[in-house]
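The next block holds one structure in the form of C-alpha coordinates; read it before the comments.
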Amino acid sequence: MSATCVVGLQWGDEAKGKIVDLLAEDHDFVVRYNGGNNAGHTVVHGDKVFKLSLLPTGVLKTHLTSVIGNGVVVYPPQLLKELAALEAAGVHVSNLAVSDHAHVIFPYHIAEETSTEQGNGSIGTTGRGIGPCYQDKVGRTGGIRVGELLHPKHLRERLHQIVPRKNRVIKALAPVDATDVKQFDADAVCDEYLGYAEKIKKFVKDTAYLLHDGLAAKKKILFEAAQGSLLDIDHGTYPYVTSSHSLPSGIWSGTGVPAKHLDRIIGVVKAYTTRVGRGPFPTELADGPEGIGERIRKIGREYGTVTGRPRRVGWFDSVATRYTAMLSGANEITVMLLDVLSGLSELKLCVAYDVDGERRTTFPSDSFQLERCQPVYETMEGWAQDLTSCRTVDDLPIQARRYVARISELLGLPVSIVSVGPDRAQSIPMR
Ligand code: IMP
(Lines give C-alpha, C1' and ligand atoms only; values in the text may rest on other atoms or scores of the structure.)
Protein backbone atom coordinates (compact mmCIF):
# COMPACT_ATOMS: atom_id res chain seq x y z
CA MET A 1 0.00 0.00 0.00
CA SER A 2 1.31 3.46 -0.79
CA ALA A 3 -1.06 6.02 0.73
CA THR A 4 -3.63 6.15 3.52
CA CYS A 5 -5.88 8.99 4.57
CA VAL A 6 -7.32 9.59 8.02
CA VAL A 7 -10.39 11.80 7.79
CA GLY A 8 -13.04 12.91 10.28
CA LEU A 9 -16.61 12.23 9.17
CA GLN A 10 -18.33 14.74 11.48
CA TRP A 11 -17.73 18.41 12.30
CA GLY A 12 -14.11 17.97 13.37
CA ASP A 13 -12.42 17.00 16.64
CA GLU A 14 -13.09 13.28 16.10
CA ALA A 15 -9.72 12.39 17.69
CA LYS A 16 -8.10 11.73 14.31
CA GLY A 17 -4.71 12.47 15.86
CA LYS A 18 -4.81 9.24 17.84
CA ILE A 19 -5.38 7.17 14.69
CA VAL A 20 -2.63 9.08 12.85
CA ASP A 21 -0.34 8.39 15.78
CA LEU A 22 -1.17 4.66 15.73
CA LEU A 23 -0.43 4.42 12.00
CA ALA A 24 2.56 6.75 11.83
CA GLU A 25 5.03 4.00 12.78
CA ASP A 26 4.35 2.25 9.48
CA HIS A 27 4.69 5.33 7.27
CA ASP A 28 7.47 7.47 5.88
CA PHE A 29 5.52 10.71 5.46
CA VAL A 30 2.67 12.33 7.40
CA VAL A 31 1.08 15.03 5.29
CA ARG A 32 -1.43 17.77 5.99
CA TYR A 33 -3.38 18.91 2.97
CA ASN A 34 -5.88 21.49 4.21
CA GLY A 35 -6.68 24.09 6.85
CA GLY A 36 -4.20 25.94 9.00
CA ASN A 37 -3.89 26.84 12.65
CA ASN A 38 -7.65 26.52 13.04
CA ALA A 39 -7.11 22.81 13.66
CA GLY A 40 -6.04 21.55 17.03
CA HIS A 41 -4.51 18.31 18.11
CA THR A 42 -2.99 17.14 21.31
CA VAL A 43 0.12 15.05 20.85
CA VAL A 44 1.58 13.02 23.70
CA HIS A 45 5.32 12.41 23.57
CA GLY A 46 6.69 10.44 26.50
CA ASP A 47 5.46 12.29 29.54
CA LYS A 48 4.98 15.56 27.65
CA VAL A 49 1.76 16.83 26.09
CA PHE A 50 1.91 19.23 23.13
CA LYS A 51 -0.98 21.19 21.69
CA LEU A 52 -0.31 21.63 18.00
CA SER A 53 -2.48 23.42 15.48
CA LEU A 54 -0.33 23.80 12.38
CA LEU A 55 2.38 21.18 12.56
CA PRO A 56 1.34 17.68 11.42
CA THR A 57 0.81 15.10 14.16
CA GLY A 58 3.79 13.13 12.88
CA VAL A 59 6.31 15.85 13.64
CA LEU A 60 7.49 14.13 16.81
CA LYS A 61 8.38 10.91 15.01
CA THR A 62 11.96 11.10 13.91
CA HIS A 63 11.74 8.28 11.35
CA LEU A 64 9.30 10.14 9.11
CA THR A 65 9.01 13.39 7.24
CA SER A 66 6.15 15.70 8.17
CA VAL A 67 4.77 17.74 5.32
CA ILE A 68 2.65 20.87 5.28
CA GLY A 69 1.14 20.61 1.81
CA ASN A 70 0.27 23.40 -0.60
CA GLY A 71 -3.42 23.22 0.39
CA VAL A 72 -2.60 24.41 3.91
CA VAL A 73 -2.54 28.09 4.89
CA VAL A 74 0.50 28.93 6.99
CA TYR A 75 0.69 31.54 9.74
CA PRO A 76 4.46 31.79 10.26
CA PRO A 77 4.41 33.11 13.88
CA GLN A 78 2.33 30.10 14.89
CA LEU A 79 4.62 27.71 13.03
CA LEU A 80 7.63 29.17 14.85
CA LYS A 81 5.80 29.15 18.19
CA GLU A 82 5.02 25.44 17.86
CA LEU A 83 8.57 24.64 16.77
CA ALA A 84 9.95 26.66 19.71
CA ALA A 85 7.69 24.81 22.17
CA LEU A 86 9.01 21.50 20.86
CA GLU A 87 12.60 22.75 20.95
CA ALA A 88 12.16 23.91 24.57
CA ALA A 89 11.02 20.41 25.45
CA GLY A 90 14.12 18.92 23.85
CA VAL A 91 12.49 17.87 20.57
CA HIS A 92 14.56 19.08 17.66
CA VAL A 93 12.52 19.18 14.46
CA SER A 94 14.50 18.70 11.28
CA ASN A 95 12.19 16.39 9.38
CA LEU A 96 9.64 19.01 8.36
CA ALA A 97 8.85 20.23 4.85
CA VAL A 98 6.61 23.21 4.17
CA SER A 99 5.27 23.64 0.66
CA ASP A 100 6.52 26.72 -1.15
CA HIS A 101 3.04 26.79 -2.79
CA ALA A 102 1.16 27.07 0.53
CA HIS A 103 -0.48 30.45 1.10
CA VAL A 104 0.56 32.73 3.93
CA ILE A 105 -1.72 34.23 6.58
CA PHE A 106 -0.90 37.88 7.32
CA PRO A 107 -2.17 40.01 10.22
CA TYR A 108 -4.54 41.85 7.88
CA HIS A 109 -6.34 38.55 7.24
CA ILE A 110 -7.03 38.25 10.94
CA ALA A 111 -8.20 41.90 11.12
CA GLU A 112 -10.47 41.34 8.12
CA GLU A 113 -12.02 38.30 9.77
CA THR A 114 -12.53 40.15 13.05
CA SER A 115 -14.73 42.60 11.13
CA THR A 116 -16.73 40.05 9.15
CA GLU A 117 -17.30 37.90 12.22
CA GLN A 118 -19.19 40.66 14.01
CA GLY A 119 -22.97 40.57 14.06
CA ASN A 120 -25.62 38.21 12.74
CA GLY A 121 -23.92 37.05 9.57
CA SER A 122 -21.01 35.47 11.43
CA ILE A 123 -19.88 31.88 10.89
CA GLY A 124 -18.39 31.39 14.36
CA THR A 125 -14.88 30.89 13.01
CA THR A 126 -11.73 30.29 15.00
CA GLY A 127 -10.67 33.87 14.20
CA ARG A 128 -7.32 32.84 12.74
CA GLY A 129 -7.67 34.56 9.36
CA ILE A 130 -8.20 31.24 7.58
CA GLY A 131 -11.16 32.33 5.42
CA PRO A 132 -9.67 35.66 4.25
CA CYS A 133 -6.38 33.95 3.37
CA TYR A 134 -8.15 31.34 1.23
CA GLN A 135 -10.21 34.15 -0.32
CA ASP A 136 -7.00 35.87 -1.37
CA LYS A 137 -5.62 32.59 -2.71
CA VAL A 138 -8.62 32.10 -4.97
CA GLY A 139 -8.85 35.82 -5.78
CA ARG A 140 -5.19 35.68 -6.95
CA THR A 141 -4.32 39.37 -6.81
CA GLY A 142 -3.93 39.45 -3.00
CA GLY A 143 -2.46 36.03 -2.23
CA ILE A 144 1.15 35.47 -1.19
CA ARG A 145 2.74 32.02 -1.09
CA VAL A 146 5.41 30.70 1.27
CA GLY A 147 7.97 30.62 -1.57
CA GLU A 148 7.54 34.35 -2.09
CA LEU A 149 8.71 35.05 1.47
CA LEU A 150 12.18 33.99 0.37
CA HIS A 151 12.50 36.85 -2.15
CA PRO A 152 12.72 40.11 -0.16
CA LYS A 153 12.46 42.60 -3.03
CA HIS A 154 9.56 40.77 -4.64
CA LEU A 155 7.77 40.38 -1.28
CA ARG A 156 8.10 44.11 -0.52
CA GLU A 157 6.66 45.03 -3.91
CA ARG A 158 3.72 42.68 -3.48
CA LEU A 159 2.97 43.94 0.02
CA HIS A 160 3.11 47.54 -1.23
CA GLN A 161 0.38 46.63 -3.72
CA ILE A 162 -1.71 44.60 -1.29
CA VAL A 163 -1.53 46.33 2.10
CA PRO A 164 -3.03 49.74 1.09
CA ARG A 165 -5.92 47.89 -0.53
CA LYS A 166 -6.39 45.74 2.57
CA ASN A 167 -6.41 48.84 4.77
CA ARG A 168 -9.29 50.23 2.72
CA VAL A 169 -11.17 46.92 2.91
CA ILE A 170 -10.71 46.70 6.68
CA LYS A 171 -11.96 50.30 7.10
CA ALA A 172 -14.96 49.59 4.90
CA LEU A 173 -15.87 46.42 6.80
CA ALA A 174 -15.63 48.04 10.25
CA PRO A 175 -18.79 49.25 11.98
CA VAL A 176 -19.50 52.92 11.09
CA ASP A 177 -18.86 54.09 14.66
CA ALA A 178 -15.66 52.07 15.13
CA THR A 179 -12.77 54.13 16.50
CA ASP A 180 -9.97 51.56 16.62
CA VAL A 181 -9.87 50.21 13.08
CA LYS A 182 -6.58 48.36 12.52
CA GLN A 183 -4.37 49.66 9.72
CA PHE A 184 -1.10 48.14 8.50
CA ASP A 185 2.19 49.45 7.21
CA ALA A 186 3.53 47.50 4.20
CA ASP A 187 7.19 47.90 5.19
CA ALA A 188 6.60 46.89 8.79
CA VAL A 189 4.65 43.78 7.70
CA CYS A 190 7.37 42.97 5.18
CA ASP A 191 10.18 43.32 7.73
CA GLU A 192 8.30 41.16 10.21
CA TYR A 193 7.69 38.41 7.65
CA LEU A 194 11.26 38.51 6.31
CA GLY A 195 12.31 37.76 9.88
CA TYR A 196 10.06 34.70 9.91
CA ALA A 197 11.26 33.68 6.46
CA GLU A 198 14.85 33.56 7.67
CA LYS A 199 13.82 31.05 10.32
CA ILE A 200 11.61 28.82 8.21
CA LYS A 201 13.50 28.81 4.93
CA LYS A 202 15.29 25.56 5.72
CA PHE A 203 11.91 23.79 5.71
CA VAL A 204 10.55 25.30 2.49
CA LYS A 205 10.40 22.90 -0.47
CA ASP A 206 8.38 22.01 -3.50
CA THR A 207 6.62 19.27 -1.57
CA ALA A 208 4.83 17.85 -4.64
CA TYR A 209 8.23 16.69 -5.95
CA LEU A 210 9.24 15.51 -2.49
CA LEU A 211 6.14 13.31 -2.24
CA HIS A 212 6.39 12.00 -5.79
CA ASP A 213 10.05 11.10 -5.22
CA GLY A 214 8.87 9.28 -2.11
CA LEU A 215 6.21 7.38 -4.04
CA ALA A 216 8.75 6.42 -6.70
CA ALA A 217 10.97 5.04 -3.92
CA LYS A 218 7.98 3.02 -2.59
CA LYS A 219 7.67 5.15 0.53
CA LYS A 220 4.38 5.16 2.41
CA ILE A 221 2.35 8.30 2.89
CA LEU A 222 -0.23 9.06 5.54
CA PHE A 223 -2.54 11.99 4.84
CA GLU A 224 -4.00 13.75 7.84
CA ALA A 225 -7.19 15.74 7.23
CA ALA A 226 -7.83 18.80 9.36
CA GLN A 227 -11.38 19.68 10.45
CA GLY A 228 -14.23 17.28 9.62
CA SER A 229 -16.00 16.36 6.40
CA LEU A 230 -19.14 18.28 7.40
CA LEU A 231 -16.95 21.42 7.40
CA ASP A 232 -15.76 20.81 3.82
CA ILE A 233 -16.16 23.97 1.73
CA ASP A 234 -18.09 22.20 -1.04
CA HIS A 235 -19.93 19.36 0.65
CA GLY A 236 -20.25 20.57 4.25
CA THR A 237 -23.02 22.56 5.91
CA TYR A 238 -22.40 25.67 3.85
CA PRO A 239 -21.91 28.48 4.78
CA TYR A 240 -21.08 27.19 8.27
CA VAL A 241 -17.97 25.41 7.05
CA THR A 242 -14.26 26.05 6.85
CA SER A 243 -12.67 27.42 3.67
CA SER A 244 -10.81 24.31 2.54
CA HIS A 245 -11.46 20.79 1.28
CA SER A 246 -11.34 18.66 4.38
CA LEU A 247 -12.65 15.61 2.53
CA PRO A 248 -9.97 13.43 0.88
CA SER A 249 -10.80 15.21 -2.38
CA GLY A 250 -8.49 17.91 -0.98
CA ILE A 251 -5.47 15.60 -1.17
CA TRP A 252 -4.90 15.81 -4.91
CA SER A 253 -5.16 19.59 -5.08
CA GLY A 254 -3.69 20.16 -1.62
CA THR A 255 -0.52 18.07 -2.09
CA GLY A 256 -0.21 17.17 -5.77
CA VAL A 257 -0.56 13.45 -5.04
CA PRO A 258 -3.16 11.94 -7.42
CA ALA A 259 -6.06 9.92 -6.01
CA LYS A 260 -4.83 6.71 -7.66
CA HIS A 261 -2.18 6.37 -4.93
CA LEU A 262 -4.75 6.33 -2.16
CA ASP A 263 -5.60 2.80 -1.20
CA ARG A 264 -6.92 3.13 2.33
CA ILE A 265 -9.31 5.74 3.68
CA ILE A 266 -10.13 5.60 7.36
CA GLY A 267 -13.21 7.55 8.41
CA VAL A 268 -13.05 8.60 12.04
CA VAL A 269 -16.23 9.18 14.05
CA LYS A 270 -16.96 9.90 17.66
CA ALA A 271 -19.54 7.66 19.35
CA TYR A 272 -21.62 10.86 19.59
CA THR A 273 -21.40 14.19 17.72
CA THR A 274 -19.82 17.56 18.47
CA ARG A 275 -19.68 20.85 16.65
CA VAL A 276 -17.93 24.16 17.36
CA GLY A 277 -19.14 27.45 15.95
CA ARG A 278 -22.48 28.29 14.45
CA GLY A 279 -24.62 26.26 12.06
CA PRO A 280 -27.37 23.62 12.13
CA PHE A 281 -26.92 20.53 14.26
CA PRO A 282 -30.05 18.34 14.15
CA THR A 283 -29.09 15.95 16.97
CA GLU A 284 -27.80 18.65 19.35
CA LEU A 285 -28.50 18.01 23.03
CA ALA A 286 -29.32 21.49 24.27
CA ASP A 287 -30.75 20.09 27.48
CA GLY A 288 -29.27 22.44 30.07
CA PRO A 289 -26.65 22.22 32.82
CA GLU A 290 -28.05 18.98 34.28
CA GLY A 291 -28.65 17.35 30.90
CA ILE A 292 -26.96 14.58 28.93
CA GLY A 293 -25.26 17.11 26.62
CA GLU A 294 -23.41 18.73 29.52
CA ARG A 295 -22.54 15.32 30.97
CA ILE A 296 -20.96 14.21 27.68
CA ARG A 297 -19.16 17.58 27.35
CA LYS A 298 -17.63 17.21 30.82
CA ILE A 299 -16.67 13.54 30.57
CA GLY A 300 -15.43 13.86 26.97
CA ARG A 301 -13.63 17.18 27.79
CA GLU A 302 -15.36 18.71 24.81
CA TYR A 303 -13.72 22.12 24.71
CA GLY A 304 -11.94 23.47 21.62
CA THR A 305 -8.16 22.90 21.52
CA VAL A 306 -7.58 26.15 19.61
CA THR A 307 -10.16 28.53 21.08
CA GLY A 308 -11.19 26.78 24.31
CA ARG A 309 -14.85 27.18 23.29
CA PRO A 310 -17.25 24.59 24.75
CA ARG A 311 -18.20 22.25 21.92
CA ARG A 312 -21.85 21.71 21.14
CA VAL A 313 -22.75 18.09 21.86
CA GLY A 314 -25.39 15.73 20.44
CA TRP A 315 -26.35 12.15 19.61
CA PHE A 316 -24.70 10.21 16.80
CA ASP A 317 -26.20 11.22 13.46
CA SER A 318 -26.05 8.39 10.93
CA VAL A 319 -27.71 10.45 8.19
CA ALA A 320 -24.87 12.98 8.29
CA THR A 321 -22.10 10.41 8.64
CA ARG A 322 -23.46 8.08 5.96
CA TYR A 323 -23.30 11.10 3.64
CA THR A 324 -19.69 11.89 4.53
CA ALA A 325 -18.70 8.21 4.52
CA MET A 326 -19.99 8.13 0.94
CA LEU A 327 -18.19 11.31 -0.11
CA SER A 328 -14.93 10.42 1.58
CA GLY A 329 -14.67 6.98 0.01
CA ALA A 330 -13.93 5.53 3.45
CA ASN A 331 -13.31 1.77 3.46
CA GLU A 332 -13.51 1.46 7.22
CA ILE A 333 -14.39 3.48 10.29
CA THR A 334 -12.95 3.91 13.74
CA VAL A 335 -15.30 4.78 16.59
CA MET A 336 -13.70 7.09 19.14
CA LEU A 337 -14.59 8.06 22.73
CA LEU A 338 -17.01 5.18 23.26
CA ASP A 339 -16.08 5.22 26.97
CA VAL A 340 -17.66 8.68 27.33
CA LEU A 341 -21.15 7.17 26.90
CA SER A 342 -20.84 4.80 29.89
CA GLY A 343 -23.50 5.28 32.54
CA LEU A 344 -26.30 6.39 30.24
CA SER A 345 -29.25 4.03 30.48
CA GLU A 346 -30.40 4.80 26.92
CA LEU A 347 -28.59 5.97 23.81
CA LYS A 348 -30.16 7.52 20.76
CA LEU A 349 -29.02 7.11 17.19
CA CYS A 350 -30.43 9.39 14.52
CA VAL A 351 -31.52 7.27 11.56
CA ALA A 352 -33.59 9.73 9.47
CA TYR A 353 -34.88 13.31 9.39
CA ASP A 354 -38.45 14.54 9.25
CA VAL A 355 -38.88 17.71 7.24
CA ASP A 356 -42.01 19.29 5.75
CA GLY A 357 -44.06 16.18 6.57
CA GLU A 358 -41.63 13.84 4.80
CA ARG A 359 -39.09 11.37 6.10
CA ARG A 360 -35.68 11.43 4.47
CA THR A 361 -32.44 9.55 4.93
CA THR A 362 -30.31 11.79 2.72
CA PHE A 363 -28.44 14.80 4.06
CA PRO A 364 -29.41 18.29 2.91
CA SER A 365 -26.06 20.02 3.31
CA ASP A 366 -27.51 23.48 2.72
CA SER A 367 -27.75 24.91 6.20
CA PHE A 368 -31.08 26.65 5.72
CA GLN A 369 -32.66 23.29 4.82
CA LEU A 370 -30.85 21.25 7.46
CA GLU A 371 -32.04 23.78 10.06
CA ARG A 372 -35.61 22.57 9.56
CA CYS A 373 -34.84 18.84 9.83
CA GLN A 374 -36.10 17.02 12.93
CA PRO A 375 -34.07 13.94 13.89
CA VAL A 376 -35.79 10.55 13.97
CA TYR A 377 -34.20 8.41 16.65
CA GLU A 378 -33.72 4.75 17.32
CA THR A 379 -33.21 4.08 21.02
CA MET A 380 -30.65 1.56 22.20
CA GLU A 381 -29.86 0.21 25.62
CA GLY A 382 -26.83 1.80 27.27
CA TRP A 383 -24.28 0.22 29.62
CA ALA A 384 -23.15 1.06 33.12
CA GLN A 385 -19.57 -0.26 33.06
CA ASP A 386 -16.48 1.86 32.68
CA LEU A 387 -14.89 0.88 29.37
CA THR A 388 -11.47 2.46 29.81
CA SER A 389 -9.79 -0.80 30.79
CA CYS A 390 -11.37 -2.86 27.97
CA ARG A 391 -8.71 -4.18 25.59
CA THR A 392 -10.57 -6.69 23.41
CA VAL A 393 -14.02 -6.89 21.87
CA ASP A 394 -14.95 -9.51 24.42
CA ASP A 395 -14.21 -7.06 27.25
CA LEU A 396 -16.90 -4.71 25.96
CA PRO A 397 -20.40 -5.07 27.41
CA ILE A 398 -22.88 -6.55 24.94
CA GLN A 399 -24.78 -3.22 24.76
CA ALA A 400 -21.62 -1.39 23.67
CA ARG A 401 -20.92 -4.04 21.03
CA ARG A 402 -24.50 -3.71 19.77
CA TYR A 403 -24.20 0.07 19.62
CA VAL A 404 -20.99 -0.11 17.56
CA ALA A 405 -22.45 -2.83 15.34
CA ARG A 406 -25.50 -0.65 14.65
CA ILE A 407 -23.28 2.31 13.68
CA SER A 408 -21.38 0.02 11.35
CA GLU A 409 -24.62 -1.26 9.83
CA LEU A 410 -26.06 2.23 9.37
CA LEU A 411 -22.88 3.44 7.67
CA GLY A 412 -22.42 0.25 5.66
CA LEU A 413 -18.75 0.06 6.70
CA PRO A 414 -16.70 -2.21 8.93
CA VAL A 415 -15.40 -0.79 12.20
CA SER A 416 -11.67 -1.44 12.49
CA ILE A 417 -10.92 0.17 15.87
CA VAL A 418 -12.96 1.27 18.87
CA SER A 419 -11.22 3.73 21.15
CA VAL A 420 -11.95 3.81 24.88
CA GLY A 421 -9.38 6.36 26.04
CA PRO A 422 -6.46 8.52 24.90
CA ASP A 423 -3.70 5.92 25.29
CA ARG A 424 -2.53 3.72 22.45
CA ALA A 425 -3.42 0.67 24.52
CA GLN A 426 -7.01 1.86 24.77
CA SER A 427 -7.62 1.00 21.12
CA ILE A 428 -9.64 -2.14 20.57
CA PRO A 429 -9.08 -3.89 17.23
CA MET A 430 -12.43 -5.06 15.88
CA ARG A 431 -11.30 -7.46 13.17
P1 IMP B 1 -12.54 28.70 10.34
O2 IMP B 1 -11.97 27.40 9.86
O3 IMP B 1 -11.73 29.33 11.45
O4 IMP B 1 -12.85 29.64 9.23
O5 IMP B 1 -13.96 28.37 11.02
C6 IMP B 1 -15.06 27.90 10.26
C7 IMP B 1 -15.86 26.86 11.05
O8 IMP B 1 -15.09 25.68 11.17
C9 IMP B 1 -16.22 27.27 12.48
O10 IMP B 1 -17.47 26.71 12.81
C11 IMP B 1 -15.12 26.65 13.30
O12 IMP B 1 -15.52 26.42 14.65
C13 IMP B 1 -14.96 25.33 12.55
N14 IMP B 1 -13.64 24.73 12.72
C15 IMP B 1 -12.48 25.11 12.16
N16 IMP B 1 -11.48 24.29 12.53
C17 IMP B 1 -12.03 23.36 13.33
C18 IMP B 1 -11.49 22.20 13.98
O19 IMP B 1 -10.31 21.85 13.89
N20 IMP B 1 -12.39 21.49 14.72
C21 IMP B 1 -13.71 21.81 14.79
N22 IMP B 1 -14.24 22.86 14.18
C23 IMP B 1 -13.41 23.63 13.46
### Task
Please get the size of the charge dipole for region 103-200, origin at its Cα centre, with Cβ charges of +1 on Lys and Arg and -1 on Asp and Glu, quoted in debye to the nearest 20.
360 debye
### Query
How much length, in nm to one decimal, is gained on full extension between Thr361 and His154, taken as 0.36 nm per residue of separation minus their Cα-Cα distance?
69.2 nm
### Neighbourhood net charge (11 Å Cβ-Cβ; Lys/Arg +1, Asp/Glu -1) for Val415
+1
## Note on the structure
With +1 at each Lys and Arg Cβ and -1 at each Asp and Glu Cβ, the charge dipole magnitude of region 269-429 around its Cα centre, to the nearest 20 debye, comes out at 420 debye
### Query
Helix 76-88 versus the longest principal axis of the chain: what is the Cα-based angle in degrees, 0 to 90, to the nearest 10?
70 degrees
### Task
Using only Cα atoms, find the angle between the long axis of helix 318-328 and the longest principal axis of the chain, and express it within 0 to 90 degrees, rounded to the nearest 10.
50 degrees
### Summary
Per residue, accessible area of region 103-200 with a 1.4 Å probe, heavy atoms of protein chains only, in Å², comes to 52 Å²
### Task
Can you tell me how much longer the chain between Glu381 and Ala216 gets when fully stretched, taken as 0.36 nm per residue apart minus their C-alpha distance, in nm with one decimal?
54.3 nm
### Task
Work out the length of the dipole vector of the chain about its Cα centre, built from +1 on the beta-carbon of each Lys and Arg and -1 on the beta-carbon of each Asp and Glu, and round it to the nearest 20 debye.
740 debye
### Message
In region 304-431, if the dipole is taken from +1 on Lys/Arg beta carbons and -1 on Asp/Glu beta carbons about the Cα centre, which of Thr388, Cys350, Ile398 is farthest to the positive end?
### Response
Thr388
### Task
For region 34-148, just run the numbers: alpha carbon Rg, then divide by 2.2 N^0.38 Å, N being how many residues it has.
1.14
### Task
Quick one: go through region 402-425 and flag any residue whose amide nitrogen is under 11 Å from the point 7 Å out along the Cα-to-Cβ line of Asp354.
none
### Query
Rounded to two decimals, what ratio of Rg to Rh does region 45-100 give with C-alpha atoms and a Kirkwood Rh?
0.93
#### Entry: 1.4 Å probe accessible area per residue over region 311-387, in Å²
41 Å²
### Query
Using the beta-carbon distance between Asp263 and Leu80 and R0 = 35 Å, what value does 1/(1 + (r/R0)^6) give for FRET efficiency, to the nearest 0.05?
0.50
### Message
Along the charge dipole of the chain, pointing to its positive end and built from +1/-1 on Cβ of Lys, Arg, Asp and Glu, which listed residue (Leu341, Leu411, Thr283) has its Cα farthest out?
### Response
Leu411
## Note on the structure
Two pseudo-spin positions, 7 Å from Cα along C-beta at Glu409 and at Glu117, lie apart in nanometres by 4.3 nm
### Message
Please give the Cα centre distance for region 398-426 versus region 127-193, rounded to the nearest Å.
### Response
46 Å
### Query
Solvent-accessible area per residue for region 1-52 at a 1.4 Å probe radius, Å²?
31 Å²
### Task
Enumerate the amide H contacts of Val306 below 5 Å, restricted to partners 5 or more residues apart or on another chain; note that Pro and chain-start residues carry no placed amide H.
none
### Task
Put one equal scatterer on each alpha carbon of region 103-200, apply the Debye formula with no solvent term, and list log10 I(q)/I(0) at q = 0.13, 0.16 1/Å to two decimals.
-0.45, -0.67
### Task
Order the peptides 140-150, 287-297, 17-27 from the highest to the lowest mean number of other Cβ atoms within 10 Å of their residues.
17-27, 140-150, 287-297
### Query
Could you give the semi-axes, largest first, of the ellipsoid that matches region 158-247, computed as the square roots of 5 times the alpha carbon gyration tensor eigenvalues and rounded to whole Å?
35, 25, 10
### Query
So which of Lys205/Lys260; Lys205/Lys270; Lys199/Lys270 end up more than 27 Å apart by C-alpha?
Lys205/Lys270; Lys199/Lys270
### Packing rank of 60-73, 377-390, where each peptide gets the mean count of other beta carbons within 10 Å, highest leading
60-73, 377-390
### Message
Give me the tail of P(r) for the chain as a percent: Cα-Cα pairs with distance above 30 Å.
### Response
43 percent
### Message
Leaving out ligands, DNA and RNA, and with a 1.4 Å probe, what % of the accessible surface on the chain is carbon or sulfur?
### Response
52 percent
### Query
Arranged from highest to lowest average of other beta-carbon atoms within 10 Å per residue, in what order do the peptides 125-134, 305-314 appear?
125-134, 305-314
### Query
Are any of the pairs Lys16/Lys153; Lys51/Lys182; Lys153/Lys220 more than 31 Å apart by Cα-Cα distance, and if so, which?
Lys16/Lys153; Lys153/Lys220
### Summary
per DSSP, antiparallel bridges as share of beta bridges in the chain, % nearest 5, sits at 40 percent
### Task
Quick one: angle between helix 186-200 and the longest Cα principal axis of the chain, in degrees between 0 and 90, rounded to 10, please.
60 degrees
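The values are calculated or read from the model by the stated rules, or taken from the named source; none is laboratory data. Computed from a predicted structure; not experimentally measured. Virtual Cβ from ideal backbone geometry, glycine too; neighbours counted across all protein chains shown. The accessibility values were calculated without ligands, DNA or RNA, using every heavy atom of the protein model including side chains. Shrake-Rupley method; radii C 1.70, N 1.55, O 1.52, S 1.80 Å.
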